[in-house]
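Heads up, the thing below is written out as structure tokens.
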Amino acid sequence: MELQKAYEAYHRINYDRNDSLQRINNEAVLQALSGNHSKGLWLMESMETTEGNPRYIYNRGLIRLLSRHYAAARGDLNNNPESNYAALNTLVSYGLEGQYEEGLAYASQTPRSNTAGKWNYNTALFYKAANRAEEAVDELTAAIRQKDKLIAYRLQRGDLLMQLGKDKRAVNDFEKVARQHPKAQIRYANALLSLNRFGAARHVFEQYIESEDRTFRGNAYLGLGHAHYGLQQLNEAQRYYQLAATALKDDKAALCGQGNVLLSKHEYAKAKGIYERILHSDTTYLSAYLGRALVHYGMKHYDLALEDFARAEPLIDENNRALADVFVSRGYSHYYTRKAAAAQQDFQKAIRLDGARYEALAGMSGVLIDQRRFSEAGQYLSKALNYEKTYDRMWSNYGNLLMHFDMFTKSYDVFKKAIRLNPANLKAQNGWGVVMLENDQLDKSVTLFDSLIKENPTIPYLLNNRGIVQAYLGNRHEQRMQRLDADIRYQQAQNDFNEAMRMAPSRKFYNVNQGNVYRYWEKYDEAQQSYKIHQDKSALNNTGVLYAGMERMKDAKYYLGVALEIDSAHKVFQFNMALLQNGKHKELAKAVASARDDGPYSDISIKYSRDGFVTIYLYDYEYDTLYFPGRHYLPLPVDTYTEDYFIPEFDFKLMPYAPKKFGIRREKKPKYKSQRVNMPGRSRKSGTRCPIIF
């Protein structure tokens, strides 16, 4: 307005009709500066002849640029000698028109002038539009080097660095300009969130809330929600997410944050309602799908969980440590729906992100157990138990793995821990009964199995294992020359095996245990038939022992030899073959039968051997399917900004009027008095006097 007043005063004094070009230029410039671009353009284009006046043409180009007549603006600005910023403004015209390839080509072909970094800044935006972020950052670095006072340079570079995942460098840029503008302060706090510096981010957001600026109040509430969520202060996070949803009018991120807090609290029904509210208004919001996938996992709807995980796949970054729980939950969803290969991949990703994630370690053990890779399964489960010591099912599974490798002494303490944590764990109680048997606590073992079977009469593995205890009790009676008691125990064992086979006919290995009882009764044909039904290496060993007892040594060596071919490292097979070859089994049988409990033959299978050979029994046990409720942590992406505004240089100049108007002296015309003479006696009034008409 001051410029307008000054120009009007100048115009009144100095304007001449020959200065019409200058007047039009100046008035058009003033209109443009006051925001009336269309009127300024109309004035500029009203002149028919403007050739030879580069200043007028340049100003017209600037007004055309403001009026979005970009092609016409380039015609006026390009190669105009009136200003050093003509090329810069030409470059900007390409950007404002959205012709990014043409603008980038122009930038690469045109010599750069000193523009205080604006040329580099605008060129960076063209690189950014071409998805060449690294080159854009280089240009912005050059702009900052030239003039580190324009906040836009560091804001733009910080945004690009965030996009490139170079959050630490972005924090440095935002921090340097955070005090200059609230938008920079908000960016700085969000960048701190991306580095998981939740406490520092909370402090910056709170500083903004305490300021008088209200432009980004909703964004600050949202950021505080993220910060408190990252600090596991769930109630505070929920409060700020609710404030953000109000301030930002049901912003999807603010609503999704509320859902994530409820998810972390395992309030699945409420969380599901929020996620579905978001998806009802926007079916493309992936964070809501990811949250709902975890809800379905928590509610044990695994097929639905996998469907939502698939929809949210672009968000599932296998390098983001915060998403370890997502991979665990998806892994178990695959596992429970019998997609073992996919489950294994997810568990491995979770372990790579967080080596202490015991849920994933335990999940891997479950997959490997199903694949009968028991040694590897034991290693994973052992690691899991280093981090989680209160889950009884993990202990019972680990005990079963130890029992698989005949590590009964170690499994004794493991099952004991499992039962202490949960006395109702049937699989742990079953293992406890087996290890008591192996520890020669036969009476305690059979009492335990009697109690378990009384409460669970339809569990086949309990019957099978009690049958083994009964058979060992029969061996003990027989060694004590209590033949009648031995037969009673053998019959009880046979009854248990028969009932177990009736309940679980697919478990053919029960026949091996049954064959052992037939052998004790010297029913060799029935024993052989039982062994043949399940012809594994254990049955081959027992068949060899059967033939040795029948003095058919050639057949005995054959079967034991085949067993050794299958498993040459098996200690029982080696022991039996050594006895057979040395002919020492009868002497050993007498020594064993006369040995006390503290004798040299404390191993249960040797201690109660009738003939010196080791007879193999096959215990039965089941692994528990593990379930973990999930440590749900689902951080939302922080706010990012894309303020891609080009910066021109509007160096308008007014045009002075012609020099002839200055310094001209105007001659004053003299004033003459009237020469009229009034005659005396005559009135000075003259003319006809009209009558008054009524």
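The residues on offer are 229, 241, and the sole one that is open to solvent by less than 40 Å² (accessible area, probe 1.4 Å), out of contact with any strand residue (DSSP E or B) (no Cβ under 7 Å at 6 or more places or on another chain) and without any contact (Cβ under 8 Å) to a residue 24 or more places away in the chain is 241. Only one of the listed residues (600, 656, 637, 629) is surrounded by fewer than 16 Cβ atoms within 10 Å (Cβ to Cβ) and at pLDDT below 80. That residue is 600.
crowded, with 18+ Cβ neighbours inside 10 Å, without any contact (Cβ under 8 Å) to a residue 24 or more places away in the chain and under 18 Å from the mean Cα position of the chain (by Cα), is that true of residue 275? Against the criterion (crowded, with 18+ Cβ neighbours inside 10 Å, without any contact (Cβ under 8 Å) to a residue 24 or more places away in the chain and under 18 Å from the mean Cα position of the chain (by Cα)), residue 275 qualifies. The set of residues from segment 608-626 being surrounded by fewer than 21 Cβ atoms within 10 Å (Cβ to Cβ) and either polar (S, T, N, Q) or over 20 Å from residue 399 (Cβ atoms) (or both) comprises 610, 611, 614, 625.
Each residue in segment 26-55 was checked for being open to solvent by 70 Å² or more (accessible area, probe 1.4 Å) and either under 25 Å from residue 84 (Cβ atoms) or of a type outside the set (S, T, N, Q) (or both), and 7 pass. Listed by position, the helices (runs of 4 or more DSSP H) inside segment 87-165 whose residues that are among the acidic types (Asp, Glu) number at least 1 are 100-109, 133-146, 151-163. No other residue among 227, 184 is over 22 Å from residue 320 (Cα atoms) and of a type in the set (A, V, I, L, M) apart from 184.
The combined condition, being open to solvent by 20 Å² or more (accessible area, probe 1.4 Å), modelled with pLDDT under 90 and more than 52 Å from the chain's Cα centre (by Cα), is fulfilled by residue 605.
Tell me yes or no: at least one residue of segment 98-106 is out of contact with any His (no Cβ under 6 Å at 6 or more places or on another chain), among the polar types (S, T, N, Q) and under 14 Å from residue 646 (Cα atoms). Yes; the residues of segment 98-106 include at least one that is out of contact with any His (no Cβ under 6 Å at 6 or more places or on another chain), among the polar types (S, T, N, Q) and under 14 Å from residue 646 (Cα atoms). Of all residues in segment 346-366, those that are over 14 Å from residue 386 (Cβ atoms) have Cβ atoms under 6 Å from Cβ atoms of residues that are open to solvent by 40 Å² or more (accessible area, probe 1.4 Å) and not hydroxyl-bearing (Ser, Thr, Tyr), 6 or more apart or on another chain, in 349/318; 353/321. From the list 295, 261, pick out the single residue that is touching a Lys or Arg at 6+ places or on another chain (Cβ under 6 Å), surrounded by 19 or more Cβ atoms within 10 Å (Cβ to Cβ) and assigned to a helix (DSSP H, G or I). From the options 295, 261, the qualifying one is 295.
This table checks each residue for (1) within 17 Å of residue 401 (Cβ to Cβ); (2) open to solvent by less than 20 Å² (accessible area, probe 1.4 Å); (3) in contact (Cβ under 8 Å) with a residue 24 or more places away in the chain.
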{"site": "415", "(1), (2), (3)": "yes, yes, no"}
{"site": "418", "(1), (2), (3)": "yes, yes, yes"}
{"site": "423", "(1), (2), (3)": "no, no, no"}
{"site": "426", "(1), (2), (3)": "no, no, yes"}
{"site": "435", "(1), (2), (3)": "yes, yes, yes"}
{"site": "444", "(1), (2), (3)": "no, no, no"}
{"site": "451", "(1), (2), (3)": "no, no, no"}
{"site": "464", "(1), (2), (3)": "no, yes, yes"}
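Residues in segment 404-435 that are in a helix (DSSP H, G or I), among the aliphatic types (A, V, I, L, M) and farther than 27 Å from residue 567 by Cβ: 418, 419, 421, 426, 428.
Residues that are buried (at least 24 other Cβ atoms within 10 Å of the Cβ) and not aromatic (Phe, Trp, Tyr) were ranked within segment 391-400; the one that is farthest from residue 459 (Cα to Cα) is 394. Could you check how many residues of segment 106-128 are open to solvent by 40 Å² or more (accessible area, probe 1.4 Å) and among the small types (Gly, Ala, Ser)? So the count comes out to 2. Among the residues of segment 14-25, some residue qualifies, meaning at least one is farther than 17 Å from residue 80 by Cβ, touching a Ser or Thr at 6+ places or on another chain (Cβ under 9 Å) and open to solvent by less than 30 Å² (accessible area, probe 1.4 Å). Among the residues making up segment 436-445, those that are in a helix (DSSP H, G or I) and more than 14 Å from residue 414 (Cα to Cα) are 437, 438, 442, 443, 444, 445. Of the residues making up segment 31-80, those that are touching a helix residue (DSSP H, G or I) at 6+ places or on another chain (Cβ under 6 Å) and of a type in the set (A, V, I, L, M, F, W, C) are 32, 41, 43, 44, 47, 57, 63, 65, 66, 72, 73, 77. Tally up the residues in segment 1-58 that are within 26 Å of residue 71 (Cα to Cα) and in a helix (DSSP H, G or I), please. Total satisfying the criteria: 26. Scanning segment 527-551 for residues that are exposed (fewer than 15 other Cβ atoms within 10 Å of the Cβ) and over 16 Å from residue 609 (Cα atoms) returns 529, 532, 535, 551. Being of a type in the set (Gly, Ala, Ser) and more than 22 Å from the chain's Cα centre (by Cα) is the filter; apply it to segment 244-258 and report the residue that is surrounded by the fewest Cβ atoms within 10 Å (Cβ to Cβ). So, considering only residues that are of a type in the set (Gly, Ala, Ser) and more than 22 Å from the chain's Cα centre (by Cα), the one surrounded by the fewest Cβ atoms within 10 Å (Cβ to Cβ) is 247. The listed residues are 157, 169, 132, 145, and the only one of them that is under 20 Å from residue 103 (Cα atoms) and surrounded by fewer than 22 Cβ atoms within 10 Å (Cβ to Cβ) turns out to be 132. Among the residues of segment 172-190 satisfying the criterion of being part of a helix (DSSP H, G or I) and among the basic types (Lys, Arg), which is most open to solvent (accessible area, probe 1.4 Å)? The qualifying residue most open to solvent (accessible area, probe 1.4 Å) is 176.
Note down all Cβ pairs under 9 Å where the first residue falls in segment 203-218 and is among the acidic types (Asp, Glu), the second is in a helix (DSSP H, G or I) and surrounded by 15 or more Cβ atoms within 10 Å (Cβ to Cβ), and they're at least six residues apart or on different chains. Final answer for the pair search is 206/220; 206/224; 213/182; 213/185.
The values are calculated or read from the model by the stated rules, or taken from the named source; none is laboratory data. Everything numeric in this text was worked out from a predicted model, so none of it was measured. Every residue, glycine among them, receives a Cβ derived from its backbone with ideal geometry; neighbour counts consider all protein chains shown. With ligands, DNA and RNA removed, areas are computed over all heavy atoms of the protein, side chains included. Shrake-Rupley method; radii C 1.70, N 1.55, O 1.52, S 1.80 Å.
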